[in-house]
Structures are given as structure tokens and as C-alpha cells.
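Okay, structure first, notes after.
The values are calculated or read from the model by the stated rules, or taken from the named source; none is laboratory data. Just so it is clear, the model here is predicted, and its values are computed rather than measured. All Cβ positions, even for glycine, are placed from backbone atoms using ideal geometry, and neighbour counts span all protein chains on display. With ligands, DNA and RNA removed, areas are computed over all heavy atoms of the protein, side chains included. Shrake-Rupley method; radii C 1.70, N 1.55, O 1.52, S 1.80 Å.
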Amino acid sequence: MPASEFPIAYPHTPTVECSDNYHGTSVRDPYRWLEDRESASTQAWIEAQNQLTFDYLSAIPQRPSIEQRLSQLWHYDQYRVPFKRGHRYFYRHNDGRQNQSVLYALEDLEAEPRVLLDPNPLASDGTVALTGLAVSDDGELMAYGLSTGGSDWKTWYVRDVATGEDFSDRLDWIKFSGASWTPDKQGFFYSGYPAPSEAAQLEQANYFQKLYYHRLGTAQAEDRCICERPDRKEWLFDGEVTEDGRYLIITVWQGTDPRNLVFYRDLQNPDAGNIELISQFEAAYEFVGNDGSLFWFRTDLHAPRGRLIAIDVEAPARSQWQEIVPEGQGKLEGATLLNDRFAIEYLEDACSAIAIYERDGTFVRSLQLPGIGSVSGFSGQRYDTETFYAFESFTSPPTIYRYDLARDESHLFRTPTLDFNPQNYETRQVFYSSKDGTQVPMFVTYKKGVLRNASNPLFLFGYGGFGISLTPSFAISRLVWLEMGGVLAVPNLRGGGEYGERWHQAGTKHNKQTVFDDFIAAAEWAIANGYTTAQKLAMGGGSNGGLLVGACLAQRPDLFAAALPAVGVMDMLRFHRFTIGWAWCSDYGSPDDPSEFRTLYAYSPLHNLQPGTAYPATLITTADRDDRVVPAHSFKFAAALQAAQAGSAPVLIRIETQAGHGAGKPTSKQIEEAADRWAFLAHTLAVDASALEV
């Protein structure tokens with residue numbers, strides 16, 4: 001039965017008289033009341049919408065087989081990349097049936113793994129997650145952060161690695177921060193916020209972060225403030241102790257702007273203050289390591305694709321800076337000092353490449369990778385002769401390798417085995433022309449033998465923001481789509497980081513429409529090249545990708561049959577008023593600026609829906625405890641889209657409970673949500689689920 005045959009009676013969503021004046025333009029906000037997620041009226045609305053959505057989804061005949069297949073595929077051994085501290089190795093593992101991955105320790109590579117921290121017993125519904133970890137250099141102590149219900153807020157604790165016992169230390173109200181131990185293991189640096197009010201902890205804007213030093217065994221109230229700027233409430237701080245223990249590197253950001261400052265502090269001098277090494281927000285600087293007073297940084301200063309430089313803090317004048325590895329054709333994604341050499345990851349047309357350089361910048365070799373895909377790992381310390389990395393693609397799960405840096409040899413460490421044959425599928429990289437003629441790359445994955453006869457259901461997934469690169473990556477849920485005969489297309493839109501900072505900036509602020517143009521052009525290319533038709537085309541994306549989907553739905557409702565916007569930024573006039581939303585102004589611009597307001601208003605998904613329009617079938621997903629992109633974005637967009645819909649396609653919103661923006665979501669919830677998404681698309685696009693290998 002096609003989607004339009006389901007009877008849809010949307011819950012009544014009252015409107016209120018509410019408007020704001022933006023630089024002389026009056027803008028109505030009739031669903032403002034939905035911003036109060038705790039009110040009785042909002043809670044009743046959530047319950048009614050979920051009732052409608054889950055009744056609809058449960059009636060889809062393909063859903064049981066989709067969920068069954070997802071569960072089968074999910075149940076395989078999943079490993080994270082190990083790392084070494086002291087003589088111990090640490091890694092996370094999930095057998096596929098656990099809601100949260102378990103942290104293990106190995107005394108050596110041949111030893112039996114020992115459970116160091118299992119978050120699963122901490123909550124009956126699996127919603128407590130390990131979301132922060134810092135192990136001391138000798139591998140004896142670890143600081144770890146737990147989050148509850150998907151919140152970005154973390155509470156940090158300290159554990160003895162040998163005994164598995166916790167110390168009395170507890171640190172609250174930590175967000176967007178790791179931890180870095182001092183060599184003496186007496187304490188660590190971290191960044192925290194003032195405690196928010198209990199009622200507003202999931203909505204209140206996050207300002208005035210401070211960098212602290214916590215001494216082991218003392219109360220958090222006694223922690224020493226290392227760096228704060230009351231006159232710069234937006235500044236965020238990260239403290240990293242150099243491997244030799246001599247310096248504290250303080251990286252300073254303004255929200256999500258990639259440009260940052262760098263301060264440092266001499267830890268051998270108790271009276272030393274913070275010294276400003278990089279004092280202007282002009283470029284990105286990432287600390288790589290040091291040799292005494294010589295500091296190495298990855299930077300995009302005068303090199304939008306990135307380069308490696310050295311600064312001697314005893315002679316810090318710019319005229320004395322040294323270029324170690326110059327800018328190349330690929331984007332310099334990251335660098336690590338290992339075996340007294342630099343291991344550098346590049347992106348070449350959005351695929352990973354690894355090269356080894358001497359400390360003076362002399363090229364040594366390229367690492368031979370298994371194919372076209374993505375690499376992660378390569379962590380370690382300066383004189384380590386081994387490291388670990390993972391290689392993955394769209395159809396192959398992360399395979400873990402141990403790399404002998406001295407011998408240039410990679411050995412399999414963990415090979416996941418699951419009930420899926422990647423040899424039955426292929427991935428092509430194509431380049432298409434966007435609206436302005438720019439060539440944009442896109443990965444297209446499908447089952448071998450798929451014909452370009454315009455009958456294939458195609459899922460177009462995108463992001464396009466904040467300099468984030470979409471490289472070939474594995475996701476269990478996508479396998480089900482491919483098994484059903486679906487095509488997966490992932491374009492590398494401007495706004496991302498695939499080609500460096502110029503590519504990123506080409507999709508920000510007044511250029512944001514370029515991102516939507518790139519995505520729309522990808523859809524048009526897929527149709528023109530016979531992969532699909534508008535009646536078989538779906539789009540999806542999360543967070544900034546949810547904004548992408550919402551904007552393209554509003555601009556080209558005729559081009560797509562279905563839309564899956566997840567945890568999206570939909571109200572571009574009020575995003576900066578909640579939690580960390582102000583930090584996104586570096587990419588989006590600010591509605592408080594008259595010219596940027598006009599740009600934001602022109603594409604804001606919430607404000608560009610037109611009553612009387614036939615919109616695609618839409619399943620909006622969000623979560624009640626999302627404190628990054630607050631759920632009011634999705635609530636208001638769903639209400640407005642339901643009111644505007646003139647076609648027969650359903651407009652549904654699925655609101656997960658005890659979940660947040662996505663990090664730490666239990667396996668059970670991930671499977672249920674994925675089953676709902678694919679069932680919705682299978683039903684809307686008339687996809688045959690009988691091909692699933694159940």
C-alpha cells in the first residue's frame with residue numbers, strides 16, 4: 001500500500017501570536033511555545049506526535065524484516081583502534097549486542113584482555129556512555145568522562161588501571177573538553193563551565209568556559225583556574241601537556257571557527273604565567289609535538305590545504321619560523337610524531353593517504369593502504385616504534401592493523417567478521433558540475449549489476465559544513481539499504497573540509513546557498529545519469545546535514561520523493577540562543593548582523609515553507625535530551641511542515657526519549673531508529689525488502 005493510502009490525522013498544533021523585529025523585518029514565530037520542552041503542552045504534543053509516527057511506522061509491512069536484518073548485521077565484534085600507554089594497551093570492543101562498548105586493557109599483546117570499564121550496568125536502558133578518556137603516560141591512571149541520556153555534559157572520574165578501583169574524585173559540568181595528565185600523575189588539566197540552573201541545563205547558552213588544573217584527591221571547588229577570559233565569553237580552551245612534561249599548550253577557539261590562538265605555560269616554573277605565542281585569530285594551528293623549545297604545528301596559514309611548521313618559542317618572531325612539510329596537492333588532515341618521524345595523513349579527493357617524513361621534512365615513504373577508503377588512528381608518542389590504525393570503506397567495516405614503524409610492516413590485529421559480503425558491491429567516485437560550474441566529487445555505492453534504468457531507489461546523504469570531511473566510512477545500517485537494491489550517494493559538498501579551508505569557506509555565511517546548490521546538483525546528476533528518478537530519490541543528513549535536507553526540501557520539493565532530516569538546525573534566526581548554538585555563527589553568520597540576517601532568512605528551512613505546496617514524504621528525527629541542536633528546531637519545523645503540506649505524502653516526527661544528539665546512543669536505540677528510517681523509505685519509494693538476507 002503506498003504511503004498516501006495511510007490515513008493521516010495530524011495532532012492539533014496551536015499557534016500563538018508571536019513575532020520578532022529583525023532589522024526592520026517582522027518575522028512571525030507561531031510555534032515559539034514548543035521551545036519549552038518541559039511544559040505540559042509541549043509534552044502532550046510530543047506524546048501525540050510519537051503516537052502518530054510509531055503507529056504509522058509499525059504498520060509498514062517491510063519493517064519487521066528490516067529490523068531483523070539490522071539486528072543480524074549489528075551482531076559482530078566491533079573494535080576501536082587501540083593505543084599504548086606505558087607497557088599497556090587500551091581499546092574498546094562491542095560484541096554487537098551491547099548497548100555501549102566496553103573498555104579493555106592488555107598487559108601485552110598476547111595477554112588476555114581485562115575489562116577496565118563497562119558502562120552497560122550503569123543504566124538499565126544503556127543510556128550511560130563513556131564519552132571521555134585520558135590515560136596517564138605510564139598507563140597507571142585514567143580519567144574518564146560519562147554522559148547520561150545523550151547529553152553533551154560529562155561527569156569525570158579517576159580510576160586506578162591496575163586495580164580497577166575509582167578514586168573519590170568527581171568533576172561536574174564539563175563539556176567540549178578532554179583531560180591531560182601531568183607527568184607526575186598528581187593531576188590533570190580540563191575545561192569546565194559554571195553550573196547551569198537545573199531547569200535550563202539542556203537549553204542554556206554555554207559561555208565562560210575556563211581551563212582548570214585538578215589535583216588528585218581534592219574537591220573540584222579547589223581546582224586552580226589556569227586560563228579564563230571574562231571579557232571573551234565565547235572563548236573555549238584546551239590544555240595539553242607536552243610529552244616531555246615541560247609545557248602546557250593552551251589552544252583557544254571561538255566556537256567552531258577553525259582559526260585559533262595558542263598560548264603556552266612553562267610547567268617547570270611555578271610562577272610562570274600564560275605566554276601568548278599565536279595571539280591573532282588568523283589561521284588554524286594544531287600542536288603536533290616539541291623538541292625542547294621547538295614546537296611543531298599543523299597550520300593552514302598561507303596554505304589552505306595545510307602544511308607543517310616549526311616555531312622556536314625562544315625565538316618566536318615570524319621571520320624565524322621554519323616550514324617543515326610544505327603545502328601539497330592533498331589536504332594535510334593530521335600529523336603525529338612517531339618513531340621520531342612525522343606520520344602525516346592526507347586527503348586526496350576525500351580518500352586517505354599516509355606519508356612518513358623525517359623531522360627535517362625529508363620524505364621517507366608512503367604507507368600502502370588496502371584500497372580506497374578512510375584511515376583513523378596513528379596515535380602514540382614520539383619514540384614509539386609501533387602504532388595502530390583502522391581502515392574502512394562504505395562496505396567494509398574498520399579493520400585494525402598494527403604498524404611496525406621501523407620495519408614499515410602492517411599486520412592484522414583485529415578483523416571483524418559479519419554476515420555481509422562486500423565483494424558483491426562496488427563504489428565509484430564521480431565528479432559532477434554544480435550550479436556555478438565547480439566540479440564536486442561524489443561517491444556512489446551499489447550492488448554489482450545494478451542497471452542505470454532509472455528504477456533504482458537512491459539515498460543521497462550530505463553534510464557540507466564546519467570543515468568536516470565526508471570520507472568513505474562504514475555504517476552498519478547502510479548495508480540494509482544496499483541489500484534492498486538501494487543506491488547510496490555521498491557528495492563532498494563545499495562547506496566541508498575535503499579540499500582545505502578554501503573549500504570550507506566557499507560554503508559558509510553568505511556562501512551557504514552554494515552548499516544547497518551542490519546537493520541539488522548531485523540529485524540532478526543522479527537522475528540525468530540514469531541512476532534514479534525524482535519518484536525514487538530520497539535525501540538525508542544530520543545536524544548541519546539536517547539543515548541541508550530542510551533547506552533543499554523547501555527549495556526543491558519537486559526533486560525528492562522522501563526526506564530524512566535528523567537533529568537538524570531548522571530555525572536560522574534563533575539557533576544562536578541555545579546551548580552552543582552561538583558557536584556556529586562562524587559558519588552560518590549571525591541573525592544579529594543585518595546583512596547576515598538576510599542571508600539566513602532567505603534559506604532558513606522553518607521560514608521558507610510555503611502553505612499549499614506538495615512536499616516530499618518526510619520523517620524528522622530528534623531526541624528529547626539533545627543539548628547541542630535543541631529539539632525545538634525539529635518540533636517547530638514539523639509543526640510548520642504539517643500545516644503547509646498540500647500533498648498526500650506524510651510528514652512525521654520521531655522523538656527519541658533519553659537520547660541526545662547522537663553520541664553514546666545505545667545499540668538498541670540505533671537499531672530501532674535505523675529500522676524506522678529504512679522502513680519509511682522502503683514504503684515511500686516502493687522498495688522490495690524481500691532481497692534482504694534474513
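Here are a few things to note about the model shown:
- Solvent-accessible heavy-atom area per residue, rounded to whole Å², over the range 1-88 at 1.4 Å: 53 Å²
- Computed FRET value (nearest 0.05) for S279 with R577, which takes r as the C-beta separation and R₀ as 25 Å: 0.25
- With the cut-off at under 17 Å, measuring from each backbone N in the range 629-646 to a point 7 Å along the Cα-to-Cβ line of E38 picks out 630-632.
- Tensor-based shape of the range 527-655 (alpha-carbon gyration tensor, a/c under 1.5 rounded, otherwise prolate or oblate): prolate
- Three-way shape call for the range 53-92 based on the alpha-carbon gyration tensor, with the a/c threshold at 1.5: prolate
- Euclidean distance of C-alpha centroids, the range 409-429 and the range 77-103, integer Å: 19 Å
- Across the range 368-471, C-alpha contacts under 8 Å between residues 6 or more apart give a mean separation that, scaled by the residue count, equals a relative contact order of 15 percent.
- A Förster distance of 60 Å, applied to the separation of the beta-carbon atoms of S124 and C18, puts the FRET efficiency at 0.90.
- For R28 and A614, the difference between the fully extended length at 0.36 nm per residue and the C-alpha to C-alpha distance is 208.7 nm.
- Relative contact order of the range 486-628: 22 percent, from C-alpha pairs under 8 Å at least 6 residues apart in sequence.
- Backbone N within the range 16-46 under 20 Å of label point (7 Å from S595 Cα along the Cβ vector): 22-25
- Counted without the sites themselves, the longest stretch of the chain free of trypsin sites (Lys or Arg not before Pro) in a DSSP loop having at most 14 other beta carbon atoms within 10 Å is 453-694.
- Amide H to amide H distances under 5 Å link V375 with S352, where only residues 5 or more positions off or on other chains count and H is placed in the peptide plane.
- Protein heavy-atom surface of the chain, 1.4 angstrom probe: 46% of the accessible area is carbon and sulfur, with nucleic acids and ligands not counted.
- Site pair K233 and R365 shows an inter-label distance of 5.5 nm when each label is modelled 7 Å from Cα along Cα→Cβ.
- Where a label projected 7 Å from the Cα of D184 along Cα→Cβ would reach, residues of the range 237-269 with amide N under 19 Å: 240-249, 265-269
- Accessible area (Å², per residue) of the range 593-694, counting only protein heavy atoms and a probe of 1.4 Å: 29 Å²
- Dividing the mean sequence gap of close Cα pairs (under 8 Å, 6+ apart) by how many residues the chain holds gives a relative contact order of 13 percent.
- Average accessible area per residue (Å²) across the range 175-310 - probe 1.4 Å, nucleic acids and ligands excluded: 42 Å²
- Calculated FRET efficiency for the pair D688/Q439, C-beta based, R₀ 51 Å, to 0.05: 0.90
- Three-way shape label, the range 618-694, alpha-carbon gyration tensor, a/c 1.5: oblate
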